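The structure under discussion appears below in the form of C-alpha cells.
The values are calculated or read from the model by the stated rules, or taken from the named source; none is laboratory data. Model, not experiment: these values are computed from the prediction. Glycine gets a Cβ as well: all are built from the backbone with ideal geometry, and neighbour counts include every protein chain shown. Each accessible area value is taken on the protein alone, full model and side chains, heavy atoms only, with ligands, DNA and RNA left out. Shrake-Rupley method; radii C 1.70, N 1.55, O 1.52, S 1.80 Å.
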Amino acid sequence: MSGAGFLVTLSTSFLSAVLLCSGLGKLATPRHTRQLFVELLRVRRGTALTLVRAVAVVETVVGAGLLLPASRGAAAAAATGLGASFAAAGLVGWSRRTTLPCGCFGRPERRPLGVTNVLIGAAVVVLGVVVLALDPSAVLPPDRMAIVTASLVVGLALLLWRGMVVDLVRPRTGASVKS
C-alpha cells in the first residue's frame, strides 16, 4: 500500500470510528448533549432531545457511509460539514462561556464546550478533506476497511467509556449474595 493509500485508509477508518462512537454514544445517553442544546439553542427539552437524536443518527449514518465505496465521497463531504458544525458549536459555547460539557460521546467530558471542540471539529474537517481529496482506489478493500474501522471503534469505545467498562468487570462490593 502506498503512503497515500495508508493515509486515506487511516483517515477514513478513524473518521468513521469517531462518528460511529459519537452517534451511538448520543443515542444511548442523550442527556448531556440535550442539556447543552437547551442552553445553547434555547429550545425546549423535547425539541432538544429530538435534535440530539437527529444529530446522532446523521453521525452514525455518515460513519457507516464512509466504509462503503459507493457512498464514501458523499459521506466524506457530510463529515466535513459535521466537523465545521462541531467547530462552530465550540465557538458558540466558548463565546457564551458555557459551563456544560458537550456530551459528544454520550458522557460528560471534564471540559465545557469550547476551544477543544473547535480543534476537534477542525480535525474532522481535515480528515474529511483528506478522504475527499485522495484516490479512493488506494483504500483497502471494503472487508479489510471494515476490520480496521471495527478495531478502531473497539479501541475508541474502550478509551471513551472506560469507566463503564470498569464498572462492568469490577466485582460488586458490599452487596450481599443470596443463594
| task | Determine whether region 84-103 contains at least one residue that is in a loop (DSSP other than H, G, I, E, B), open to solvent by 10 Å² or more (accessible area, probe 1.4 Å) and within 27 Å of D143 (Cβ to Cβ). | result | no
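Residues checked against (1) open to solvent by less than 10 Å² (accessible area, probe 1.4 Å); (2) without any contact (Cβ under 8 Å) to a residue 24 or more places away in the chain:
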{"position": "A4", "(1), (2)": "no, no"}
{"position": "L24", "(1), (2)": "no, no"}
{"position": "L36", "(1), (2)": "yes, no"}
{"position": "R44", "(1), (2)": "no, yes"}
{"position": "L49", "(1), (2)": "no, yes"}
{"position": "A54", "(1), (2)": "no, yes"}
{"position": "E59", "(1), (2)": "yes, no"}
| message | Residues to consider are L15, L19, L67; find the one that is in contact (Cβ under 8 Å) with a residue 60 or more places away in the chain, open to solvent by less than 50 Å² (accessible area, probe 1.4 Å) and not in a helix (DSSP H, G or I). | response | L67
| Somewhere in region 103-112, is a residue without any contact (Cβ under 8 Å) to a residue 60 or more places away in the chain and over 30 Å from V169 (Cβ atoms)? | yes
| message | So S11 passes all but one of these: (1) at pLDDT below 90; (2) more than 16 Å from the chain's Cα centre (by Cα). Which condition number does it fail? | response | (2)
